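The values are calculated or read from the model by the stated rules, or taken from the named source; none is laboratory data. Every value quoted in this text rests on a predicted model; they were computed, and no experiment measured them. Note that each Cβ is placed from the backbone with ideal geometry, even for glycine, and that neighbours are counted across all protein chains shown. To get the accessible areas, we keep the full protein, side chains included, count just its heavy atoms, and leave off ligands, DNA and RNA. Shrake-Rupley method; radii C 1.70, N 1.55, O 1.52, S 1.80 Å.
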Amino acid sequence: MADEKIFARLKEDHDKHRTMLDLIDKTQGDSEGRRELFGRFKTEVTAHAAAEEETLYATMLADPDLRDKSQHSVAEHKELEDYLAELEEMDYSSTGWLTRFRTMKDRYLHHIEEEENEMFIAAAKGLTEETEKQLAEKFEQRKPDELERAS
C-alpha cells in the first residue's frame, strides 16, 4: 500500500461503502443485523469523510480552482452526517426508517460518483504523483484515529 495514490485509496473505501449500503438495504425491521451493519457503516463513513477532508480536501481548498468543488463536497459530508444522526434516532422497524435510509443511500451514492468522476479528475490535474502518494499515506495515518473517534 506504500505506493498507493490517494484516489485509489478513497475509491477502495467507496466500494466498501457501496457494499455496506446494499447489505443494509436488504435487512428487515429492527433486527440485530440492521443495527450492526448501520452502526458499522456510520463509523466507517464518518471516519472516511473526516480523513478525506483532512487530506485531499485540505489540499484542494488551497487551490482557488478547486475550492468550490471541495466546499461542495464538505457540505455533502455534513448532509450525510445529518442523515446518519436522524436514522440512528428513528425506529429501525418503521417503513419510514427504510425510506429515509434509501434517500440517504441515493444522496451518498450520488456524492461518491461525483467525487470519482469529477472531483478526483480535477484534483489529479494539479497534483504530482509524489503528492498523491503522500496524501494516501496521510490518509492511512488519519483514518484509524478517526475510526476510533467515530466509534
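Other residues with beta-carbon under 10 Å from the beta-carbon of ALA124 carry, at +1 per Lys or Arg and -1 per Asp or Glu, a net charge of 0. Coupling constants for the range 36-41 follow from the phi torsions by the Karplus curve (6.51 cos²θ - 1.76 cosθ + 1.60, θ = phi - 60°), and in residue order they are 5, 5, 5, x, 5, 4 Hz; glycine and proline get x.
Based on the mean of other Cβ atoms within 10 Å per residue, sort peptides 121-128, 51-58 so the most packed one is first.
Details: 121-128: 13.9, 51-58: 21.1.
Most protected by this proxy first, the peptides run 51-58, 121-128.
Axis angle, to the nearest 10 degrees, between helix 67-89 and the longest C-alpha principal axis of the chain: 20 degrees. Comparing mean-square fluctuations of LYS11, LYS69, LYS26 from a GNM of the chain with C-alpha springs under 10 Å, the top value falls on LYS26. Largest accessible area first, the residues SER73, SER151, SER93 order themselves as SER151, SER93, SER73 under a 1.4 Å probe with ligands, DNA and RNA left out. Normalised Debye scattering of the chain at q = 0.14, 0.18 Å⁻¹ gives log10 I(q)/I(0) of -0.68, -1.05, counting only Cα atoms as equal scatterers and leaving out solvent. When the Cα gyration tensor is reduced to axis lengths a ≥ b ≥ c, the ratio a/c is 1.5 or higher for the range 69-151, and with a/b not above b/c it is classed as oblate.
Cross-link check: pairs LYS26/LYS125; LYS5/LYS26; LYS69/LYS143 evaluated at a Cα-Cα cut-off of 30 Å; pairs beyond the cut-off: LYS26/LYS125; LYS5/LYS26.
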